Amino acid sequence: MRFPYKTDYGQDLDLFKSSSDRFWYGLLALVLLSMPLWVDTFWLGEVSYVFILGIVGIGLMILTGYAGQVSIGHAAFLGIGAYTHAILLSMGTPFVVSLVGATALSTLIGAGVGFPALRVAGIYLAMATFAFNFLVEFVFVRWESMTGGFSGFAVASPEFLGVSFTSGGGFYYICLLSIVLAILLTLNLLRSPTGRALIALRDSETAAQALGVRLARYKTTAFAISAGLTGFAGALFAHRIGYLAPDIFTIMFSIQLLLMVVVGGMGSIHGAIFGAIFVGALPQLIAIMRDYLPDSVARQPGIEPGIFGLLLVLTILFEPRGIYGRWLKIKHYFSVFPMHKKAAFSRQKSYTKSER
Amino acid sequence: MSEPILKLTNIESSYGPITAIRGISMSVPEATIVTVLGANGAGKTTVLKTISGIIDPRKGAVIFEGKAIQSMDPDAVARIGIAHVPEGREVFPLLTARENLMMGAYARSDRKGIADDLEMVFNYLPAVKRLEKRTAGTMSGGEQQMLVIGRALMSRPKLLLLDEPSLGLSPRLVKEIFELIVRINGEQKLPILVVEQNAGTALKAAHYGYVLELGRVVMEDSCERLMEKEDVREFYLGAAPENVHADIRLKRRKTWQ
Amino acid sequence: MAIFQARDVAIKFGRISAVDGVTFDIEPGTVFTIIGPNGAGKTTLFNLISRLYDTSAGTLTFEGRDITNLPAHSIAGLGIARTFQNLELFDHATVLQNLLLGRHAHTRSNLVAELLFLGSVRREELAHREKVEEVIDFLNLHKYRDSMIVNLPYGVRKVVELARALCSEPKLLLLDEPSSGLNTEETGEMAFWIHDIRDRYGITVLMVEHDMGLVNRVSDKVLALNYGRVITIGTAAQVQSHPEVITAYLGG
Amino acid sequence: QTRGVTDTEVIIGSAGDLSGPAANNGLASAHAMQLRVDEINAAGGIHGRKLRLIVEDAQYQVPRAVQAANKLINRDKIFAMIGTVGTPQNNAVFPLLEQNNIPSLFPLSQARVMWSPVNKLKFQFNADYRDQVGGAVKYMVDQKKTKFCAEYQDTDFGKDIVTGAEEELKKAGLSIVAKSTHKPTDTDLGTQMINLRKAGCEVVVLGTLGRDAIIAYTTARRAGWTDVEFIGVSPTYDPAVSGVPDGGTDGLYASTGVWIKPREEMPEAGRQMFDKYKAAYGSEPTVSAMISYIGIDLIAIALEKAGKDVTTESFLAALESIKDYNDAFGNPPQNYSADNHQGSNAAFVTRVKGGAYELIAGPISHTD
Amino acid sequence: MTELSQLIVYGLATGCIYSLIALGFVLIYKATEMVNFAQGDLLMLGAFVAVTFILTLGLSYWLAFILAVIVMAAFSYGLDAVVLRRVIGQPQFSVVMLTIGLGFIFRAGATMIWGTEPYNFPAPFSSGVSVVGGVVISHVAISIVVGTVVLCSILWAFFRFSKLGVAMQAASQNQLAAYYMGVPVKRIFSLIWAISGGVAAVAGILIAPLTLVDNTMSMLGLKAFAAAVLGGFGSIPGALVGGILIGMIEQVSGAYFIDGSKDIAAYATLLLVLLLRPQGLFGAVGRKKV
Ligand SMILES: Nc1ncnc2c1ncn2[C@@H]1O[C@H](COP(=O)(O)OP(=O)(O)OP(=O)(O)O)[C@@H](O)[C@H]1O
Ligand SMILES: Nc1ncnc2c1ncn2[C@@H]1O[C@H](COP(=O)(O)OP(=O)(O)OP(=O)(O)O)[C@@H](O)[C@H]1O
Ligand SMILES: [Mg+2]
Ligand SMILES: [Mg+2]
């Protein structure tokens, strides 16, 4: 295995830990930037969607993967962002301003929701966010003058400085830029005192308090940032969907969002992205695969969610710590090649203990 | 001498890529108390976990009463008569002390025997009786430790594994616990394998001892002879002259490293 | 002038009086030890001082300031740090991250600066890191710097907890059974460390301990507790010759 | 070259539902469409081209519907879209179709927005929910009922029905005297029935699907509330509703745009289709199956009319030129024109008797 | 007055439906500390299985009832033994997500086996009603209330007094220690899954006459979730009380507040209760001792 040789403390603070990191991420950036040149509209659309979900994934990862607060209500924040953005746009607000507005409002509401989290923990918190999701859905339905109620309303196409970004390429770059920004900001946060404080909340509230971590402040911060990112993604999501209706932002969608961070791998930004690919792109891949299956199989009702469920189950059975866990193992395998020991990958028996 | 009740041959166990013990052989003869000493991280706990099936060893065999048990599930190991008092007070936090004790007797069905043993435990550990109806999660560290020891006794084991039983107990209780160990061993001929940081007390109570360093057995002998050894005396019994002044804390390193 | 005072402190859990009218003073720069049978209320007393539990009566004063009703998170900022009997480390973080969290009470950066990782944040982090490395040197934790806590043996975790508490540069350090789970050699080292903490860094230590060897070596004053009440306060030798301490705690 | 049209094929897409809560409708529709496509292809196709139908599974989720549309539009390059399930899904998908000038045909949603206001790309052929409820109300008004109430799902679908009822009642100088709502997943409508009963309703217009129609009706009847009629719209017109054991739904009305005639009254073509469908899929075709079967037929006719060098524009013009079209099942004739993209708005009023729906009145056009 | 009584009767009946489903969640949670998102799907499967026995095989209702419960218990046992057991001890979250994946598979499987058409479910008492003092009580409602109360009592007693029941709780609180005590943790988990599968079947069959049997039945789990949490996740009496409470609140708010408040009354109540009592009405107070 290679160990980067450290010469000063600042190196631990750097985003790229080694020059090979720099190389690979640079390559990735090149690939993503040039994508519209060699990929058709279909794939651009799908990749944009994965980016949008990726931003939600990052937001949820901060809250659930780092701060240890579970939310089964994030579709509500997505909805708040989407509606706010679409409503602001319809009132003639410029694109960027409306994007900021949507983010700000969901951040605020997120901070508000973070408040109950001071008292409520674990599954009860999860259920409080679950209830919150229903209440928000109710508001979307009932506040007809703003949201158009159940009939919903169409979202204006993104336009920046008079240029429309509806085309696959333009929207793709907006999403790419957004997710890169989201990742950078999040990485900054995570290598700062706040990021550490979130981890402290997750692992031991008692010890965190004793070290001076204000639970109230950091829980609300975690909720606010998470909701903010999700609301921001919601604004982009509004464009992607094109038409908003309350029954998009359901509890089932929230569960899928949560699925992302778990399947991707808790506690890592990579995990959020892997999860977004799983939830965002996999169903489409299954749909494409169905085109090549014999009719007798492809025409089976329920085949798509069935395969999705099967892959989900297999992924978790195979790698309970998420796709990122597997990724690390593969990386490890190559970095020690050919010295790799089989035992290093063998699963240990492990045991859980109640947090109650 | 007859076959030992428990025999480890060349055990190697690891946590993922970290190898914690490397080729350990030891045995616990019938009716004896065996103690394992070692610094932090030497692998003592790992040895006990390997015996009770919590970890599957990568190599080697664990023979209990002539049967290889190294790949059995921990619950099966418990049912064939190995009771384990784990490190770190593993109580059932929401059950009462009494329910915790009764869980110790889970694998048994002789009502009378269980009732007798409950009396016995209350007798040995009167503090536990006082706490009978309290939920274990709210008890103090030492109270939990007593509870866990009592719980292990409830299973009427053929072999008792104790991982640092004196952890967090008051001096008086440490004495009592070790008296209890010796007494049970004497009365019931129960073989006991005890890991202990409190080396003096452990060596006095036990018949035979092993010293572990970095996952290997570096010394083994009867306890009387171990107590004679220079290194044991210095590092485990604290017999070296005290260097009161911090600056001249130049310590002799262990010779066997 | 005492750095810390407890006056008639009490707490009840349901019908159980875990701490019942405890009064004592700690002089600055001393090691003050509490001993007592299991369940006597020692840890509960610590929890009261670090404000994890609310007192049902009495006052706690630190450096002349009444801390009885302060919120738990403000205690660290005043200069009180502690370790936990059952270890409360951040298990899924590295030793380094744990220790840096020890610096939390001293962080000044704001959220916006952190999101942008401005130069000020980097400088502050580096300054914290210097302090943390000092503690790592002191407690010999070099080789564990980047290990996850879950992968460490119990004894090392204990040291990491001590280190984390020291990182917050406390004036009063609460140690709950620092030697439990350590062998004789390591306990010896702990004794040296406690001396150093007191003498070199001038930190006042309040300690709960069952290992009488350690108690004798480091304590300036000892308090014996039973059933939540003070039996006696005095030097180690005085306390150990008290008949009630002998019967209830040391065992005849 | 027109998109979706090759020398040998015309590609038609559908963002349908093969799983999820609307799977029953989506699946029947997919089956029936394929049946008609196979028939057409077996007969040599249209101008030498075969029809190819690609059905995606949107699972009644808007994001999935958008993904499905992205695939159909940008990957499969379809010529036209047919049978998209659900109103919100259609609303979300339509802008994408519009950008690419792809017709949105005969969706599996009878909401008014599916065809009105007129959009050159949107076509719908049968009575929408408002027409259905309009016909129903007209019938009830004719029966001298005056106190109308509504029990409806708190969804766009439910709203559409209440709006339709209100519009029609207004013509008679009436209005809805009491309204109450429920969620699609509710298992109990006790409170709602108590409230409506208090209001003294004579007719309760149901904005329900199958399950909640049954719950509403049986709850009311069991509570001894008999001097009231309940009338639902096409989703209630379902064999699962009429087939409730022990005649639980006897007397329940349903209004529908597509009335399934008894076999003996059906034209020969329809009878054959029923037999084929049953043989292939093991169940009777439903309303959704009929709608989609007719939809493919209409597409084929328009393609035929548009000629060999079909373009989207010529295809749309051909659709608009269809007059007096009689489908295989004996539904009222359909007429399209440049300013009317709905083929017919006639509704049938039916009522459950002895485990099946029987025709009471119709076709009724509330605009007549 | 009759009106209020009638509302209470309705509330009791719907509430018991929630309780019955909540019971399934609670059982699994109590014994394994995990949240089973597939509970609603098990219920759906139970109803479908009963449909097959009654409509396809022509068995009598009661025989079908018993057989369906047995089939679902066996199925759930196998499910745990084959799938879930592999992730015992893994982070709880992964396990929860696993149940979501299983839910997908169950729904797809049910669609493939039973098709998409809804089934009508005949029950001996499906159309019977009794009128007591002007209040209409349907026999389906009675069957649900009785079934729920009986099941809750039996299971409560089981956890409280039987050795196996205590062992189940122990296994959930501390797997490691349970293993040390010789508790066959894996088998115990499978057993509780079997019980929970059986309960799901009972719920499915009792509810079926009220609704049609199709794959949307699995959605019934959502409100039951709220019920389980309101009562205190992991408490059997909590599931009963939580469900009934939510049922009642819905009816009353539906009747006396603005229209539509019925839909969110359950969730609003849940939020409120959690703020006042973060562990639900009957939940165990979880405060880790340090
Ligand atoms: N869960 C774990 N994951 C990874 N490594 C571990 C784990 N537990 C222990 N180890 C490693 O295995 C080695 C042996 O640990 P073990 O707990 O057996 O030591 P010990 O002798 O019992 O120490 P102590 O006296 O501190 O209890 C240590 O180096 C430790 O770092
Ligand atoms: N949260 C709580 N709820 C109920 N009882 C408690 C709680 N915390 C402590 N107790 C009880 O208060 C008493 C004192 O406990 P404490 O932990 O302070 O003991 P201790 O002196 O630290 O003992 P040890 O030496 O064993 O650690 C014990 O009997 C304990 O069971
Ligand atoms: Mg150990
Ligand atoms: Mg203590």
| remark: Residues hit by the 40 Å² burial cutoff in segment D:1-40, accessible area with a 1.4 Å probe, assembly against chain on its own, are D:L18, D:N24, D:L27
| Set of aspartates and glutamates near D:K120 by C-alpha distance (under 13 Å), chain-local residues within fewer than 8 positions excluded | D:E98, D:E313, D:E320, D:D339
| remark: Highest mean packing first, using Cβ neighbours within 10 angstrom, the peptides B:2-11, C:217-226 sort as C:217-226, B:2-11
| message | Quick check on my link table: of B:K44/B:K175; C:K42/C:K131; D:K144/D:K198; A:K329/E:K30; B:K175/C:K158, which ones sit more than 27 Å apart, alpha carbon to alpha carbon? | response | C:K42/C:K131; A:K329/E:K30
| query | Given C:K12/E:K289; D:K183/D:K353; B:K67/B:K158, which pairs have Cα atoms separated by over 18 Å? | reply | D:K183/D:K353
| remark: Amide H proximity to B:V85 below 5 Å, modelled H, separation 5+ or other chain, gives B:L161, B:L162, B:D163
| field | Backbone HN-Hα couplings from phi across segment E:169-175 [Karplus 6.51/-1.76/1.60, Hz, Gly and Pro as x] | value | 4, 4, 4, 6, 6, 7, 4
| field | Size of charge dipole - chain E - debye, nearest 20, with Cβ of Lys, Arg +1 and Asp, Glu -1, no other charges | value | 1200 debye
| field | Accessible surface of segment A:40-347 [probe 1.4 Å, protein heavy atoms]: carbon and sulfur percent | value | 70 percent
| query | Under the definition of Cα pairs under 8 Å and six or more residues apart, what whole-number percent is the relative contact order of segment B:88-156? | reply | 56 percent
| query | What helices in chain C pass both tests, a Cα length along the helix axis of 18 Å or more and a mean Kyte hydropathy of 0.0 or higher, using whole DSSP H runs? | reply | C:154-167
| said: Treating only the Cβ of Lys, Arg, Asp and Glu as charged (+1, +1, -1, -1), what charge dipole size does segment B:88-156 show about its Cα centre? Round to the nearest 20 debye. | reply: 80 debye
| request: Mind checking which aspartates and glutamates have their Cα closer than 12 Å to the Cα of B:K189? Skip sequence neighbours fewer than 8 apart in that chain. | output: B:E30
| Which whole number gives the average, over all residues in A:210-222, of C-beta atoms from other chains lying within 10 Å of the residue C-beta? | 6
| Solvent exposure, largest accessible area first (probe 1.4 Å, DNA, RNA and ligands not counted), of B:L167, A:L314 | A:L314, B:L167
| Anisotropy class of chain A from Cα gyration tensor, a/c 1.5 cut | rounded
| note | Rounded to the nearest 100 Å², the accessible area buried between A and C, both sides, probe 1.4 Å, is 3100 Å²
| message | Going by amide H atoms built from the backbone, whose H comes under 5 Å of the H on D:I360, apart from near neighbours? | response | D:V349, D:T350, D:R351
| request: Note the buried accessible area between E and D here, summed over both chains, with a 1.4 Å probe, in Å² to the nearest 100. | output: 2900 Å²
| request: State the answer as a single residue: which of C:L70, C:H92, C:V112 lies farthest towards the positive end of the charge dipole of segment C:58-141, with beta carbon charges of +1 for Lys and Arg and -1 for Asp and Glu, about the Cα centre. | output: C:V112
| note | Probe 1.4 Å, heavy atoms of protein chains only: per residue, the accessible area of chain C in Å² is 36 Å²
| Which Cα, out of E:G197, E:L7, E:I88, lies furthest along the positive dipole direction of segment E:2-216 (beta carbon charges, K/R +1, D/E -1)? | E:I88
| request: Among B:T45, B:T135, B:T32, determine the one that fluctuates most according to a GNM of chain B built with springs between C-alpha atoms less than 10 Å apart. | output: B:T135
| message | Can you tell me which of A:A298, A:A67, A:A216 moves the most in a GNM of chain A? Springs connect C-alpha atoms under 10 Å apart. | response | A:A298
| field | Rounded to the nearest 20 debye, dipole of chain B from Cβ charges on Lys, Arg, Asp, Glu | value | 240 debye
| query | Ignoring ligands, DNA and RNA, what accessible area per residue does segment E:138-290 give at 1.4 Å, in Å²? | reply | 29 Å²
| message | Placing +1 on the Cβ of each Lys and Arg and -1 on the Cβ of each Asp and Glu in chain C, which of C:V245, C:V205, C:T187 has its Cα farthest towards the positive end of the resulting dipole? | response | C:V205
| said: I'd like the interface area for chains C and B: accessible area of each alone minus the complex, both sides summed, 1.4 Å probe, protein heavy atoms only. What is it in Å² to the nearest 100? | reply: 2600 Å²
| Over the alpha carbons of segment B:1-124, what is the largest minus smallest coordinate on each principal axis, giving the biggest first in Å? | 42, 38, 26
| task | Show which aspartates and glutamates lie in cross-link reach of C:K221 when reach means a straight Cα distance below 12 angstrom and same-chain residues fewer than eight apart are skipped. | result | C:D25, C:E27
| remark: When all Cα-Cα pair distances of segment E:231-289 are considered, the percent exceeding 15 Å is 53 percent
| said: Compute a Gaussian network model of chain D, connecting alpha carbons closer than 10 Å, and tell me which residue from D:G207, D:G251, D:G134 fluctuates the most. | reply: D:G251
| query | What does the accessible area of D:W225 come to, in Å² to the nearest 10, when a probe of 1.4 Å is used? | reply | 10 Å²
| field | Residues whose placed amide H lies under 5 Å from that of C:R82, excluding near-sequence neighbours | value | C:L174
| query | How large is the helix-only mean residue ellipticity at 222 nm for chain E, computed as the sum of -39500 (n - 2.57) over DSSP H runs with n ≥ 4, divided by its residue count, in deg cm²/dmol to the nearest 500? | reply | -23500 deg cm²/dmol
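The values are calculated or read from the model by the stated rules, or taken from the named source; none is laboratory data. Computed from a predicted model, the values in this text were never measured in an experiment. So basically every Cβ, Gly included, is an ideal-geometry build from the backbone, and we count neighbours across all protein chains shown. Note: accessible area is taken over every heavy atom of the protein model, side chains too, but ligands, DNA and RNA are not part of it. Shrake-Rupley method; radii C 1.70, N 1.55, O 1.52, S 1.80 Å.
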